[in-house]
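One structure below.
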Amino acid sequence: MPNIKSAKKRVLVTEKKTRQNKAIKSALKTSIKKFLNAVNAGDKETANALYPETVSAIDSAETKGILHKNNANNKKAKLAKKLSALNA
């Protein structure tokens, strides 16, 4: 445990940000799972409704620095490919 006041504050801030990042990442994974379950079940309506929400969650995580830009784009491309295969 740090002794200096600023170091103590940094520990608290880091823990708080870590909790926030974990919550955002967990919500993102949940959103992706819901979309993939809809695609795997062949439910076009649900998949089409969940796709914009899922992409929005990915973009939000990217903006907040939780996902790298390339990683976010890769996830979106995979989801778009699955959706187009379902709708075809």
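Some points to look at:
- Placing R0 at 22 angstrom, the Cβ-Cβ distance between A80 and I24 gives a FRET efficiency of 0.50 after rounding to 0.05.
- Under the criterion of Cα pairs below 8 Å and six or more residues apart, the relative contact order for the chain equals 26 percent.
- Surface composition of the chain: carbon plus sulfur atoms contribute 54% of the solvent-accessible area (1.4 Å probe, protein chains only, all chains present).
- Entry comment: accessible area of the chain is 72 Å² per residue, from protein heavy atoms only and a probe of 1.4 Å.
- When the alpha carbon gyration tensor of the stretch 19-60 is reduced to an equivalent ellipsoid, the three semi-axes, largest first, read 21, 10, 5 Å.
- In the set (i) 1.45; (ii) 1.19; (iii) 1.01, the label that goes with Cα Rg over 2.2 N^0.38 Å computed for this structure is (i).
The values are calculated or read from the model by the stated rules, or taken from the named source; none is laboratory data. These figures come from a predicted structure and were not determined experimentally. Positions of Cβ are backbone-derived with ideal geometry, glycine not excepted, and every protein chain shown enters the neighbour counts. Calculation scope for accessible area: heavy atoms of the full protein, side chains included, ligands and nucleic acids excluded. Shrake-Rupley method; radii C 1.70, N 1.55, O 1.52, S 1.80 Å.
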